[in-house]
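The values are calculated or read from the model by the stated rules, or taken from the named source; none is laboratory data. Everything quoted here is computed from the prediction, not taken from an experiment. Counting neighbours? That spans all protein chains shown, and the Cβs are built from the backbone with ideal geometry, glycine included. Calculation scope for accessible area: heavy atoms of the full protein, side chains included, ligands and nucleic acids excluded. Shrake-Rupley method; radii C 1.70, N 1.55, O 1.52, S 1.80 Å.
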Protein chains: 2
Amino acid sequence: MSLPQTRTARLATWSANLTYDNIPDAAIQRTKDLFLDWLGCTIAGRSHPAVTAIVNFAKTMGPTTGKSELVNGELGFSTSPAFASLINGAASHVVEQDDLHNRSITHPATVIFPAALAVAQDVGADGKDFITACVVGYEVGCRVGAYFGKSHYENFHSTATAGILGVAAAAAHLLKLDPAQTLSALGTAGTQAAGLWQFLLDATHSKQVHTGKACFDGIFAAYSARDGLLGTRDILEGPRGMGKALVPGQITPEAIDRDLGKDFEVLHSSFKWHASCRHTHPSVDALLALMTKHGVKFEEIDSVLVPTYQAALNVLGMSGDCETVHQSKFSMGFVLAIAAKKGQAMITDFNEEDLRDASIREFQGRVNMVFDEEIDNAFPERWTGRVVVTTKDGRVLEERAAFAKGDPEFTLTRTELETKTRSLAKYGGVTNVEKVEALIQRAWNLENEGDLHGFVF
Amino acid sequence: MSLPQTRTARLATWSANLTYDNIPDAAIQRTKDLFLDWLGCTIAGRSHPAVTAIVNFAKTMGPTTGKSELVNGELGFSTSPAFASLINGAASHVVEQDDLHNRSITHPATVIFPAALAVAQDVGADGKDFITACVVGYEVGCRVGAYFGKSHYENFHSTATAGILGVAAAAAHLLKLDPAQTLSALGTAGTQAAGLWQFLLDATHSKQVHTGKACFDGIFAAYSARDGLLGTRDILEGPRGMGKALVPGQITPEAIDRDLGKDFEVLHSSFKWHASCRHTHPSVDALLALMTKHGVKFEEIDSVLVPTYQAALNVLGMSGDCETVHQSKFSMGFVLAIAAKKGQAMITDFNEEDLRDASIREFQGRVNMVFDEEIDNAFPERWTGRVVVTTKDGRVLEERAAFAKGDPEFTLTRTELETKTRSLAKYGGVTNVEKVEALIQRAWNLENEGDLHGFVF
């Protein structure tokens, strides 16, 4: 079948044809970093009630034997790739520690890795196949998210709505679909894309549904394309496609296929160092830098003004009174209070006890966000942090962070990633330290793995 | 948990609390009519390539034993409710013969019945439970579609995007969820809602994906709500909910809960008599009436002008040159040519041979649609047909149809429904006539069934 001359078809063709040998070493190494980081996030989030309900659904509706494994080995079963990725994809988006791709405003790891791992296990792919498929998944998902832009993100959880196309592309690559079949898979993925931010307003559980279902549905798209189901061929730019229906503002068509194969999106994803919503990170870094530079302590701060971009105001403005630990990670005031008081905002720094800490709650009330046009214009290419602190003795201090710790410009070292992984595994209740170390070593050696089974805590 | 004072919460509460005894007999009888009509559509569509691919997906990813059955008995397996409804929901939306609810612009049967039947079989519900759940499903799905209105329908296949909430409500009722859990199920359903019209432009297979997945995903919403997954509590009207994100134009909030329990949406759904897109039906009826009234024959017609509403122009305008039988059912020109030549447009009247019939193709080219403001203003409350025929001998004749055959004002009799069912079963390749007659009788006796298994051809 001849393909149409569209950006979407060019993306599908590139996805189907990418080989391991055409990926620069830096992108391969970064993919391994991102994979290990994802593994830690997945085990850390395994006990969330949404994940438990989704596990029950998988056991009720799906098989309890199969080639695809659950990262949480205590569940004691394996299943088909669609259900394994549903569970792993939900679990990896719980603890707010997964990576973030700035330009697309998506968290690619939480959808690409669970889907690619489950399909790789199903088809018996090796480490190089898996890495290649993940690079494809990142490329497609992140480009689609960048095409949608920030007006889409106002309503939609773009990790899911853009990510589902990345999942479909990664799965299609592992299934060795040709460009036309891959284009079908993208069409079927895009017409299933969903995920609204409404759940943030009442702290309910849709976040994990969105990522888990993006995996399941993207896998549906690829397997059904293999089996003859035709997906529409211009789901991104067509007159009734995603750009038309799901993007109220500006789209960026050139993001779909500009510099394909020259630049790699895995290189532009940021690790999270802090354990809160990524929109708080640049401000946390700016505040910590300010406190160090001027020797200001938690108790000395009277108020903090945070000039920021609109998307941060939108997302963080929905977390209300922070009744839950999860909500507290979406409150700029609460997060800055934790950082200011503890000098860090790691995963163990958010807990029930702190929710009831009057000094933190009081500090939280003295943090205000305001719209900053210059910062907003630079977003989402740059996620700039800025804080203006007024001290109780009357000083007004200001600090900026051009990027956050973990951004590509300031990425985490392998030592830091290992530390983070150990901490995530510990948070997830893993006591077998040797197992954690062995999985870390497997991740660093991923391209030489002949079989992808066994990434189980 | 106390429920918010919202329309969505009122709808959830009503859904959870409805009992069989509170449903008027007319609504019960109509539900049985709609169920039989759906069964016929399901068996008629069983061989579509999209259905075949989806069956393969179900066998690869799901169990091949379970309590929920496939209407197509030749497939030779049963499965879990999510997968059974995925397959049956896809198959029942193939032949363009399923019901249509005017105000919501949705086809409720193709999502409500497959999901409710599969869950009823899973939980061991009886006929009265099943009918009650279907009435709930229609009510919720149709009200949500009416809330979204016609601007939503410009981009979205609302049968899926609104229907998924009906599925969730029907499944929740069968699972005996309380109002708060039902509200959770609606939230989780709504945040998964998807389905774009883009596939119409290249005649690909997303239509069946949308209905099958609406079943699967709505069942996910209900079962996961039972197991503790919290869905957002104002998915319809919340500031980042469906109304905000998925409706570019006017919403109708009162449609969500006006006259709840007094009026029943099952009574407002229309049967399809013709086998084409429902947007062509009023014009077909008007043309056939005109030809009868004035004794005009196919060969005598020079041209047909069809003044119509915008949604018809949008949907029918996307079918291009009608390369496939399916596309031909979406071409006003082709459908009117078939009706004018054959005096009817039943399921056996659309085939490959007619696609190559020069007289039909030539007639097709002499049919033009134009926008009619009066008809558009009345839509979707009224789907009015109007044709202006110019004959080769120079007469200009005009006819209107205030509604189509099968509309609630002119519904099908049980005899007509039996005829249609036999014809659909025959089209689907069913040779066991006794079996068809037995299923027809079971449908008429549905409220007395103790067990819902065995609706299998």
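Taking only protein heavy atoms and a 1.4 Å probe, what accessible area per residue, in Å², does the stretch A:256-311 have with all protein chains in place?
32 Å²
Over every pair of different alpha-carbon atoms in the protein assembly as shown, take the mean of 1/r and invert it; report that Kirkwood radius in Å.
On the way: mean 1/r = 0.0355 Å⁻¹.
Value: 28.2 Å, from the Cα pair sum.
Tell me, what is the Rg over Rh of the stretch B:1-42, with Rh the Kirkwood radius over Cα pairs?
Result: Rg/Rh = 1.18.
For A:TRP14, what accessible area in Å² do you get when you roll a 1.4 Å probe over the heavy atoms of the protein chains, rounding to the nearest 10?
So the heavy atoms of A:TRP14 present about 40 Å² to solvent.
Using the Cα gyration tensor of the stretch A:57-140, with a ≥ b ≥ c the square roots of its eigenvalues, what is the shape: rounded (a/c below 1.5), prolate (a/b larger than b/c) or oblate (neither)? Don't jump to the answer; show the numbers that get you there.
Values: a/c = 2.41, a/b = 1.37, b/c = 1.75.
Taking the square roots of the gyration eigenvalues as a ≥ b ≥ c, the stretch A:57-140 is oblate.
Round to the nearest 0.05 the FRET efficiency obtained for B:ASP126 and B:LYS262 when R0 = 35 Å and r is the Cβ-Cβ distance.
Calculated transfer efficiency: 0.85.
What shape does the stretch A:279-386 take by its C-alpha gyration tensor, where a ≥ b ≥ c are the square roots of the eigenvalues and a/c under 1.5 counts as rounded, a/b above b/c as prolate, and the rest as oblate? Walk me through the numbers on the way to the answer.
Working: a/c = 1.81, a/b = 1.26, b/c = 1.44.
The shape class here is oblate.
Count neighbours as other Cβ atoms within 10 Å of each site's Cβ, and list the trypsin sites (Lys or Arg not before Pro) in the stretch A:196-273 that are DSSP loop with at most 10 such neighbours. Don't skip to the end; give the middle numbers.
Values: sites: A:LYS207, A:LYS213, A:ARG226, A:ARG233, A:ARG240, A:LYS244, A:ARG258, A:LYS262, A:LYS272; in loops: A:ARG233, A:ARG240, A:ARG258, A:LYS262, A:LYS272.
Loop-located and lightly packed - A:LYS262.
When you have a sec, figure out the Kirkwood radius of the stretch B:1-98 from all distinct Cα pair distances and drop it here in Å to one decimal?
Radius from the Kirkwood sum: 15.7 Å.
Going by the alpha-carbon gyration tensor, a ≥ b ≥ c the square roots of its eigenvalues, is the stretch B:339-422 rounded (a/c under 1.5) or, if a/c is not under 1.5, prolate (a/b greater than b/c) versus oblate?
Oblate shape, in that a/c is at least 1.5 and b/c is the bigger or equal ratio.
Ignoring ligands, DNA and RNA, how much accessible area is buried between chains B and A, both sides summed, with a 1.4 Å probe, to the nearest 100 Å²?
On the way: alone 16660 and 16640 Å², together 28460 Å².
Roughly 4800 Å².
Is it possible to state the helix-based mean residue ellipticity at 222 nm for chain B, with each DSSP H run of 4+ residues giving -39500 (n - 2.57), the sum divided by total residues, to the nearest 500 deg cm²/dmol? What is it?
Mean residue ellipticity, 222 nm, calculated: -15500 deg cm²/dmol.
Using label points projected 7 Å from each Cα along Cα→Cβ, tell me how many nm separate B:GLU373 and B:TYR20, to one decimal.
Taking the two extended label points, one gets 5.3 nm.
Which semi-axis lengths, in whole Å and largest first, follow from the square roots of five times the eigenvalues of the Cα gyration tensor of the stretch A:389-453?
39, 17, 7
Taking a label point 7 Å out from Cα toward Cβ, give me the nm distances from B:ASN17 to the same spot in the other copies, shortest first, one decimal.
6.3
Could you tell me how many cubic angstrom of Cα convex hull volume the stretch B:196-349 has per residue?
175 Å³
Give or take rounding to whole Å, what are the principal axis extents of the alpha carbon atoms in the stretch A:309-352, in descending order?
Sorted from largest, the Cα extents of the stretch A:309-352 read 27, 21, 14 Å.
Grab the alpha carbons of chain A, take their convex hull, and tell me the volume per residue in Å³.
It comes to 128 Å³ per residue, whole-number rounded.
Would you give the gap between the C-alpha center of the stretch A:1-79 and the C-alpha center of the stretch A:397-457, rounded to a whole Å?
17 Å
If one puts a single equal scatterer on every Cα of the stretch B:174-229 and applies the Debye formula without solvent, what log₁₀ I(q)/I(0) results at q = 0.14, 0.24 Å⁻¹?
Those come out to -0.44, -0.85, one per q.
In nm, to one decimal, how far is the modelled label at A:GLN250 from the one at B:SER2, with both set 7 Å along Cα→Cβ?
4.6 nm
Along Cα→Cβ at 7 Å, what distances in nm separate the A:ALA358 label point from those on the other copies, shortest first?
9.4
Using a 1.4 Å probe on the protein heavy atoms, what percent of the accessible area of the protein assembly as shown belongs to carbon and sulfur?
Solvent-exposed carbon and sulfur of the protein assembly as shown make up 49 percent of the total.
Can you list the distances in nanometres, one decimal and ascending, from the A:ASN448 label point to the identical position in each other copy, with the point 7 Å along Cα to Cβ?
From this label point to the equivalent ones elsewhere in the assembly: 7.5 nm.
Roughly how many Å² is the accessible area per residue of the stretch A:150-239, as a whole number, for a 1.4 Å probe? Provide the component values of the computation, followed by the final result.
Values: 1470 Å² over 90 residues.
Heavy-atom accessible area per residue stands at 16 Å².
Compute the semi-axes of the equivalent ellipsoid of the stretch A:59-198, taking the square root of 5 times each eigenvalue of the Cα gyration tensor, and list them largest first in whole Å.
24, 18, 13
What average count of beta carbons from other chains do you get within 10 Å of the Cβ of residues in A:285-292?
For peptide A:285-292, the averaged partner shielding equals 0.
What translational diffusion coefficient, in µm²/s and rounded to a whole number, does the Stokes-Einstein relation yield for the stretch B:275-342 at 20 °C and a viscosity of 1.002 mPa s, taking the hydrodynamic radius as the Kirkwood radius over Cα pairs?
173 µm²/s
Kirkwood hydrodynamic radius for the stretch A:200-256: how many Å is it when counted over pairs of different Cα atoms?
Working: mean 1/r = 0.0718 Å⁻¹.
Its Kirkwood hydrodynamic radius stands at 13.9 Å.
For the stretch A:106-181, count the residues as N, evaluate 2.2 N^0.38 Å, and divide the Cα radius of gyration by that value, please.
1.09
Within 10 Å of each Cβ of A:185-191, how many other protein chain Cβ atoms are there on average?
The per-residue average across the peptide is 5.
FRET efficiency for B:ASP393 and B:SER359, Cβ-Cβ distance as r, R0 = 25 Å, nearest 0.05?
Efficiency, from the Cβ-Cβ distance: 0.85.
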